[in-house]
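Here's the structure, in structure tokens; my notes come after.
Just so it is clear, none of the values below were taken in a lab; they were calculated from the coordinates. These numbers come from a predicted model, not from an experiment. Ideal geometry is used to build each Cβ from the backbone, glycine not excepted, and the neighbour counts take in all protein chains shown.
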Amino acid sequence: MIQVVPGPKQVAQVGAHLVAEYLASRARQEAAQVSLVLAGGLTPARLYALLAGQAGSSVPWAQVNVFWGDERCVPPDDHLSNYHMALTSGLLARCFAGIYRFATELSPEEAARVYEEKLRELHQARTIDVDVYPRFDVILLGLGDDGHIASLFPGTCEVRETVRWVTATEERGGIRRVTLTMPVLASARRLIFLVSGESKAEALRSTLSVIQGTAAPRTPARLLLDMVAVKELAGWGPPEVTWLVDEQAATLLPSG
């Protein structure tokens with residue numbers, strides 16, 4: 001589903017409503033703990049502030065475990081930290097079942113290993129099928145100008161990783177990162193993309209358009225959608241995918 005709204009404020013508002021509604025519904029269905037994976041970025045930050053307030057009042061937060069899809073390898077109090085962004089939004093003041101941040105005080109490789117071990121431990125506590133990827137209830141994702149998602153960037157080996165659940169990346173812009181891998185993202189119950197701004201228009205167009213007869217490499221976001229499509233064809237319970245985009249980001253999408 002693609003929903004176009006006027007601006008980033010509305011992307012955050014609609015996103016907060018969807019997240020709250022879905023988490024509350026899953027918690028009622030499961031009568032157990034559910035999971036939310038956070039993203040970085042200005043629009044997600046607005047969404048978290050809304051969930052910290054009235055928009056999140058219907059969510060049984062004591063049943064929700066919160067995770068991150070990726071993180072920069074900076075101290076947790078650094079302004080570039082996705083954890084710090086969520087903390088300052090007020091969302092983490094909610095009474096969660098568990099808050100699982102990346103241990104970025106460790107080396108990138110060690111932070112990825114520790115996070116994966118924790119995910120495997122939590123996953124094995126919920127299912128005997130330990131070879132299946134964890135199935136998060138909601139994963140929030142942004143879209144980079146280059147089509148990257150989480151910290152999976154075009155042309156990097158991390159995009160093709162299928163064994164690890166979490167991996168460290170090479171340096172980018174002077175900073176290394178840790179990120180969930182593509183199969184983990186594709187195993188979610190629901191993916192919600194939050195996309196705003198004219199700078200994202202081309203990346204959004206190339207991600208959502210299937211261009212025939214071209215040898216151009218597909219963006220990481222497109223590769224994720226392809227993986228979801230394969231899961232659907234195979235009957236493997238693919239995630240429900242929702243795109244919340246503002247009018248500026250949607251300028252290159254076909255009308256109607």
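Assign one of three labels to segment 1-54, namely rounded, prolate or oblate, based on the Cα gyration tensor with a ≥ b ≥ c the square roots of its eigenvalues; rounded applies when a/c is under 1.5, prolate when it is not and a/b is larger than b/c, and oblate otherwise. In terms of gyration-tensor shape, prolate. Of the residues 251, 44, 13, the one whose Cα sits farthest towards the positive end of the charge dipole of the chain is 13 (charges of +1 on Lys and Arg Cβ, -1 on Asp and Glu Cβ, taken about the Cα centre).
Contact order, relative form, for segment 1-148: 26 percent (alpha carbon pairs under 8 Å, 6 or more residues apart, mean separation divided by residue count). Charged side chains reduced to their Cβ positions (Lys and Arg at +1, Asp and Glu at -1) give segment 2-246 a dipole of some 500 debye around its Cα centre. About its Cα centre, segment 61-202 has a charge dipole of approximately 480 debye under the convention of +1 per Lys or Arg Cβ and -1 per Asp or Glu Cβ, with nothing else charged.
The fewest-to-most ranking of 89, 196 by surrounding Cβ atoms within 10 Å reads 89, 196. Bridgeable lysines around residue 200 (alpha carbons under 26 Å apart, same-chain partners fewer than 8 residues away excluded): 9. For 42, 18, 244, the sequence from fewest to most other C-beta atoms within 10 Å is 42, 18, 244. In segment 2-246, Cα pairs under 8 Å separated by at least six residues give a relative contact order of 23 percent.
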